[in-house]
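Engineer: Right, I'll just put the structure down here and ask away after.
None of the figures in this text is laboratory data; all of them are computed from the coordinates on show. In this text the structure is predicted, and so the values were computed from the model without any measurement. Counting neighbours? That spans all protein chains shown, and the Cβs are built from the backbone with ideal geometry, glycine included.
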Amino acid sequence: MTEAAMASDRVTSGAGRIAKKIDLVPLVMMLLVISILAPVAVLVYGALTSNPIGAAFSGLTLENFVEVLTNPTYQRAFFNTVYVGVAATAMAALLGIPLAWIVVRSDVPFANLLRVGIMIPFFLSPFVGALAWTLLLQRNVGPVNLVLTSLGLGQISPYSARMIIFVMGIYYAPYIFIFVSSALRNMDPALEEAGHLSGLNRRQVITQITVPLIAPAALSGVLLTFMASAGQFGVPALLGMQDRFFVLTTYIYQLINRFPAEYNVAAALGIEMLVIACAGIWLQNRITRNRSYTTMTGKGFRPRIIELGPMRWLAFAFVIAFVVVGALLPLGMLLWVSLVPYYDATFSLSAVSPIHYLKIFNQAFVWRGLKNTLFLACAGASIAVILAVISNWIILRSNTSYRKPLGYLLFLPAAVPHIVLSLALLWTYVFVPLPIYGTIWILLIAYVTSYITQAVRNVGSNYVQIDKSLEEAATMVGAARLRTWIEVTLPLLKPGMVGAWTLLFIIFVRELSASILLYSPGNEVLPVLMFNMWGEGDWGGIGALAMIQVLMMGAVIALSGLLFRVDISRAS
Amino acid sequence: MSFLKVDNLIKTYGAFHAVDNVSIDVERGKVCSFLGPSGCGKTTTLRCIAGLEQADSGRISLGGRTLFDSEKRIAVPPEERDLGMVFQSYALWPHKTIEANLSLGLRIKGLPSGEIRDRVNEMLELVGMAGTGNRFPASLSGGQQQRVALARAMALRPKCILFDEPLSNLDLLLRERMRFEIRDLLVKIGITAVYVTHDQTEAMVISDHIVVLNKGKIQREGSPSDVYNYPRDRFTAEFLGRTNIVALDRKNSNPGAGIVTAANGVRFSSLDAKRLEDRSETGEFVIAFRPETMLVTDEPTGGQNCIPATVVSSQFLGGTTQIVLDIGQGVHVTAILLGDQSRTENTQAFVSVDPRHVLVLRDSSAATPMAGTPALRVPEPA
């Protein structure tokens with residue numbers, strides 16, 4: 001090849017590279033805009049008309065909002081949502097913050113084991129927790145009620161606002177735990193030591209230094225927890241609807257499932273939820289602005305362990321109590337009801353039989369649900385991770401002007417409660433002349449859209465750790481962009497990708513809030529099957545499905561740990 | 001009478017002896033440096049003095065007051081030890097202004113607000129940071145944060161101030177300037193200080209007294225010039241500056257006549273030779289002399305220790321010239337000469353070392369790698 005030919009070859013391949021770059025970015029952007037912004041716009045439109053879903057345009061009206069804001073039942077639901085959200089968040093914080101401090105900073109025995117135990121309720125999900133606690137508190141036969149009765153205390157009914165708060169408080173405590181423990185771990189211990197050298201005693205160091213430094217991270221966790229608990233569907237559905245205690249999510253579900261469905265009012269309620277969520281995010285930004293300090297340097301300090309003396313066993317007992325209430329009792333209960341033909345408050349091994357497992361595996365819809373769940377979890381996690389990698393590359397490495405808006409856009413789904421997003425998608429795909437509405441694909445779209453923020457954040461925290469010069473070094477030895485990606489970027493990103501994939505798989509396996517509005521016969525997923533079985537009172541079936549769910553999650557966690565050395569209990 | 005006294009301090013982590021029976025005396029108003037490679041126990045010793053770590057056994061006292069005594073089970077908490085400390089990471093509280101960083105301890109102590117204000121301003125003035133009180137640490141450069149950290153450590157007027165590698169996060173130029181600033185400041189206010197560093201030049205500039213530590217044990221202590229000019233062991237000599245090490249042929253040496261013989265047969269006159277007669281000195285020894293004590297000439301000088309040699313390499317480094325010479329049987333030594341004294345390779349020359357500078361060192365830690373400066377290792381003759 002002549003010199004000139006080589007030169008021109010170089011020029012064309014260079015131009016080809018530029019062309020590729022220009023193509024990719026708007027494509028991804030368009031996809032994201034369509035899947036994120038369009039549904040919200042359609043939802044706003046739906047709330048502003050009185051037309052039934054799918055009908056042609058015929059003028060705008062504010063009557064839905066007037067109805068939502070003035071009708072006492074809706075006002076009640078709004079108030080209940082805020083009440084349950086605030087109370088559950090407070091309980092989660094009162095549990096999560098001490099748990100984090102004990103595990104990270106004290107000399108509590110078996111700290112690593114306890115850390116894993118604290119994360120179990122996070123994996124179980126609030127919905128499964130609510131199911132288990134319904135059983136544990138069943139009238140006259142629930143084991144916890146049996147114990148309470150034998151102690152001379154009255155029975156507790158699982159169906160109350162207080163139990164909704166209790167269950168959500170327990171199952172969201174790990175959220176706060178994740179935030180606070182990582183902040184505690186990333187805090188330079190010298191900051192506290194400097195306090196001692198400045199004459200502060202232990203208590204003063206905690207109040208003047210540790211607490212203010214941890215506060216921004218803790219507040220972020222608290223606001224996220226509030227948004228999650230205000231957007232929770234499963235728990236208030238299970239524990240509230242029986243006594244007509246409604247929150248916004250369950251009311252939206254009600255409006256859509258009554259006949260005739262009131263889609264327009266539901267959309268207005270959805271907008272109301274969106275406003276609450278946006279207020280939460282605005283508040284979080286306001287509070288934590290310029291205050292993330294440098295505690296998140298990711299330097300990985302070895303935390304200063306504080307010796308508790310004999311109190312360490314009290315701390316140990318506290319953590320164990322949490323794990324028992326959040327994980328061991330519920331798991332044990334679900335396991336037991338799945339193993340006995342009929343739960344009658346006796347615990348005899350001779351009663352054990354595989355009848356519920358045989359029963360559910362003989363039903364076609366269970367197999368279908370399993371298949372759907374596995375497909376959605378695998379495909380959803382894979383698509384979300386791929387999108388997250390591309391998005392992070394655009395945000396962190398490209399020099400397009402879309403970078404900033406893309407960052408905001410990807411943050412948006414975190415602000416939209418999942419049930420609201422699914423309501424919006426439902427509305428959107430009724431319009432769109434594609435065979436998506438009423439198929440499994442609408443669930444896939446809902447899953448990916450709902451959790452794209454999570455994926456982007458997980459992969460991003462790995463991506464920012466990769467020094468740009470590592471990629472540039474590959475370019476310098478002659479690797480083209482794609483080659484650089486394959487040889488350098490992807491291998492280094494593997495832990496982040498595997499971590500995000502595993503976390504999303506687990507989230508999708510237990511997803512109910514979005515699925516409940518979007519599934520159609522034939523497209524049920526495991527949590528929807530459990531929800532429907534709960535309606536029929538089939539506890540044995542629920543127990544068996546819960547065990548299958550736990551096995552699926554356990555298998556994926558173990559696989560990602562064994563094959564990729566990813567410790568999912570450290571991911572967030 | 002020593003002001004800060006550390007006696008027989010021992011601190012272990014499992015089987016690892018971080019501090020192995022260390023005793024140190026620091027006089028009032030003097031600056032003492034702990035010098036050594038990472039993991040030598042210098043920071044652990046400092047943290048034991050601060051009370052941030054608790055030693056397994058030993059005693060620590062400051063100005064006659066016992067801070068720690070393992071036998072009497074005394075361990076004064078760090079906040080009551082009357083100490084100031086400057087941390088490697090500065091550890092300025094990011095959520096507080098500079099003013100609040102300095103005044104927190106004073107407020108805890110219950111000083112009147114007028115006095116607190118005066119003291120804060122005085123301290124900021126002292127470190128050249130006046131007028132920054134309302135700013136947050138994140139808005140300051142590394143060097144400025146360093147000054148504020150120093151001001152904070154002094155604000156409570158402690159009896160003694162502790163430095164934990166305070167300059168290691170600064171760039172080279174700033175580090176070199178700050179050494180002198182800290183030294184001047186400490187002398188000016190006349191405070192007792194303990195300074196931990198792995199940088200020998202920093203220790204030489206800042207301290208009145210240097211304690212060289214290795215593997216939890218004190219290797220050598222004394223004034224900077226004593227420790228540098230008269231190291232007693234190979235580790236200290238190699239850790240402080242560059243040193244030529246030549247294997248010793250003890251059998252053919254004549255300590256009584258002041259003669260030490262190298263393994264390649266070269267005989268050196270050494271004022272240090274009598275050390276080989278001392279029965280209390282056990283173990284292996286080596287011959288050592290520093291590159292800057294050497295003279296390289298075309299003709300024999302007629303003085304002592306004038307050795308014929310071949311120039312192996314010669315490099316003009318700007319301020320100095322570094323010449324590697326073969327003094328027989330492949331034993332290479334390095335000379336560092338002032339100015340441009342380049343020589344042609346493979347030519348003959350004569351190397352001279354004053355007998356005062358030819359040292360006999362205990363081969364304490366032949367395997368210890370040097371931090372910072374590259375070792376001038378001399379291959380054993382074949």
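Engineer: With both bridge residues required to lie in the protein assembly as shown, what share of the DSSP beta bridges run antiparallel, to the nearest 5%?
Structural biologist: The antiparallel fraction comes to roughly 75 percent.
Engineer: Go ahead and estimate [θ] at 222 nm for chain A from helices alone: -39,500 (n - 2.57) per DSSP H run with n ≥ 4, summed, over the residue count, rounded to 500.
Structural biologist: Rounded to the nearest 500, the figure is -23000 deg cm²/dmol.
Engineer: Which entries of B:Lys72/B:Lys96; A:Lys359/A:Lys494; B:Lys159/B:Lys274; B:Lys5/B:Lys188; B:Lys188/B:Lys274 have Cα-Cα distances beyond 32 Å here?
Structural biologist: B:Lys72/B:Lys96; A:Lys359/A:Lys494; B:Lys159/B:Lys274; B:Lys188/B:Lys274
Engineer: While we're here: Hey, got the dipole for the stretch B:242-362? About the Cα centre, +1 on K and R Cβ, -1 on D and E Cβ, debye to the nearest 20?
Structural biologist: Its charge dipole is roughly 380 debye.
Engineer: Taking other Cβ within 10 Å of each residue's Cβ, how do A:Met241, B:Met85 sort, fewest first?
Structural biologist: A:Met241, B:Met85
Engineer: I would also like to ask the following. B:Leu248's amide H: which non-local residues (gap 5+, or another chain) put their own amide H closer than 5 Å, with H modeled 1.01 Å from N in plane and none for Pro or chain starts?
Structural biologist: B:Ala263, B:Ile287
Engineer: Next up: Provide the convex hull volume over Cα atoms per residue for the stretch A:407-525, in Å³.
Structural biologist: Hull volume normalised by residue count: 130 Å³.
Engineer: Take chain A, compute every pairwise Cα distance, and split them into 10 Å bins from 0; I just need the percent in each bin.
Structural biologist: In order of increasing distance, the bins hold 3, 15, 26, 26, 18, 9, 3, 1, 0, 0 percent.
Engineer: Using DSSP, restrict attention to beta bridges with both residues in chain B and report what percent are antiparallel, rounded to the nearest 5. Before the final figure, lay out each step's value.
Structural biologist: Details: 59 of 78 bridges.
Counting only bridges with both partners in chain B, antiparallel ones make up about 75 percent.
Engineer: Average the reciprocal distances over every distinct pair of alpha-carbons in the stretch B:4-226, invert the result, and give the Kirkwood radius in Å.
Structural biologist: That comes to 17.8 Å for the stretch B:4-226.
Engineer: Let me ask something additional. Volume per residue, Å³, of the convex hull around the alpha-carbon atoms of the stretch B:242-362?
Structural biologist: Value for the stretch B:242-362: 94 Å³ per residue.
Engineer: What's the longest piece of chain A with no exposed chymotrypsin sites (Phe, Trp or Tyr not before Pro), counting a site as exposed if DSSP puts it in a loop and it has at most 14 other beta carbons within 10 Å?
Structural biologist: A:111-341
Engineer: Arranged by the count of other C-beta atoms within 10 angstrom, fewest first, what order do A:Glu524, A:Glu67 take? Show your work: numbers first, answer last.
Structural biologist: On the way: A:Glu524 23, A:Glu67 15.
So the residues, fewest neighbours to most, are A:Glu67, A:Glu524.
Engineer: Over 21 Å, how big is the tail of the calculated P(r) for the stretch B:106-200, in percent of all Cα pairs?
Structural biologist: 34
Engineer: Can you tell me the dipole magnitude for the protein assembly as shown around its Cα centre, using point charges on the Cβ only (Lys, Arg +1; Asp, Glu -1), in Debye to the nearest 20?
Structural biologist: Details: 78 positive and 67 negative charges, 261 e Å.
Its charge dipole is roughly 1260 debye.
Engineer: Right, next: Above 39 Å lies some portion of the pair distances; for the protein assembly as shown, what is it as a whole percent of all C-alpha pairs?
Structural biologist: Values: 267727 of 454581 pairs.
Pairs farther apart than 39 Å: 59 percent.
Engineer: I've got another one for you. Membrane-span-like helices in chain B: DSSP H runs reaching 15 Å or more (Cα, own axis), mean Kyte hydropathy at least 0.0?
Structural biologist: Membrane-span-like by this criterion, though nothing is claimed about a membrane: B:98-109, B:172-189.
Engineer: Starting from the stretch B:194-298, pick out the trypsin sites (Lys or Arg not before Pro) whose DSSP state is loop and whose Cβ has at most 11 other Cβ atoms within 10 Å. Provide the component values of the computation, followed by the final result.
Structural biologist: Values: sites: B:Lys215, B:Lys217, B:Arg220, B:Arg232, B:Arg234, B:Arg242, B:Arg250, B:Lys251, B:Arg267, B:Lys274, B:Arg275, B:Arg279; in loops: B:Lys215, B:Arg232, B:Arg242, B:Arg250, B:Lys251, B:Arg279.
Passing both the DSSP loop test and the Cβ count: B:Lys251, B:Arg279.
Engineer: Once you keep just the Cα pairs under 8 angstrom separated by 6 or more residues, what percentage relative contact order results for the stretch A:198-276?
Structural biologist: Values: 27 pairs, mean separation 14.0, N = 79.
Reported as a whole number, the value is 18 percent.
Engineer: Rounded to two decimals, what ratio of Rg to Rh does the stretch B:162-237 give with C-alpha atoms and a Kirkwood Rh?
Structural biologist: Result: Rg/Rh = 0.97.
Engineer: A follow-up question, please. Send over the semi-axes of the stretch B:1-124's equivalent ellipsoid, whole angstrom and largest first, taken as the square roots of 5 times the C-alpha gyration tensor eigenvalues.
Structural biologist: 30, 17, 14
Engineer: Mind listing the phi-derived Karplus ³J(HN,Hα) values for the stretch A:180-187, rounded to whole Hz, using 6.51, -1.76 and 1.60 with θ = phi - 60°, and x for any glycine or proline?
Structural biologist: Per residue, the Karplus-derived 3J(HN,Hα) values read 5, 5, 6, 5, 5, 6, 8, 8 Hz.
Engineer: Give the average over all directions of the projected area of the C-alpha convex hull of chain B, one decimal, in nm².
Structural biologist: 22.5
Engineer: Within the stretch B:33-77, list the trypsin sites (Lys or Arg not before Pro) lying in a DSSP loop whose Cβ has at most 13 other Cβ atoms in a 10 Å radius.
Structural biologist: B:Lys72, B:Arg73
Engineer: In Å, the Kirkwood hydrodynamic radius of the stretch A:355-572 over pairs of distinct alpha carbons?
Structural biologist: Taking the inverse mean of 1/r over all distinct Cα pairs, the stretch A:355-572 comes out at 18.9 Å.
Engineer: Need one value for B:49-55: mean number of C-beta atoms belonging to other chains within 10 Å of its residues' C-beta atoms. Show your work: numbers first, answer last.
Structural biologist: Numbers: counts 0, 3, 3, 7, 0, 1, 0.
Average neighbour count from other chains, rounded to a whole number: 2.
Engineer: Cut-off is 10 Å between beta-carbons; in what order do B:Ile307, B:Ile189, A:Ile118 appear when sorted fewest neighbours first?
Structural biologist: Listed from fewest to most nearby Cβ atoms, that is B:Ile189, B:Ile307, A:Ile118.
Engineer: Within 10 Å, count the other beta carbons around each residue, average over each peptide in B:323-332, B:137-146, and list them highest first. Working shown, then result.
Structural biologist: Values: B:323-332: 18.8, B:137-146: 16.8.
Top of the packing list down: B:323-332, B:137-146.
Engineer: Expressed as a rounded percentage, what relative contact order does the stretch B:4-226 have, with Cα pairs under 8 Å and six or more residues apart?
Structural biologist: Across the stretch B:4-226, relative contact order equals 30 percent.
Engineer: Calculate how many DSSP beta bridges within the stretch B:4-226 are antiparallel, expressed in % of all such bridges and rounded to the nearest 5. Please report the intermediate quantities before stating the final value.
Structural biologist: Numbers: 24 of 42 bridges.
Roughly 55 percent of the DSSP beta bridges within the stretch B:4-226 come out antiparallel.
Engineer: Calculate I(q)/I(0) for the stretch B:258-325 by the Debye formula, one identical point scatterer on each C-alpha and no solvent, and give its log10 at q = 0.11, 0.13, 0.23, 0.26 Å⁻¹ to two decimals.
Structural biologist: -0.37, -0.51, -1.17, -1.34
Engineer: Using alpha-carbon pairs under 8 Å, 6+ residues apart, how would you state the relative contact order of the stretch B:163-268 in percent?
Structural biologist: Values: 106 pairs, mean separation 15.3, N = 106.
Once divided by the residue count of the stretch B:163-268, the mean separation gives 14 percent.
Engineer: Continuing with this model, one more query. Let me confirm one metric for peptide B:88-101, namely the mean number of other chain beta-carbon atoms within 10 Å of its residues' beta-carbons.
Structural biologist: 5
Engineer: Out of residues 5 or more away from B:Ser57 or on other chains, whose amide H comes under 5 Å of its own, with H placed 1.01 Å from N in the peptide plane?
Structural biologist: B:Ile10
Engineer: Here's something else I'd like to know. Just to be sure I follow: if Rg is taken over the C-alpha atoms of the stretch B:55-100 and Rh is the Kirkwood radius over the same atoms, what is Rg/Rh?
Structural biologist: 1.14
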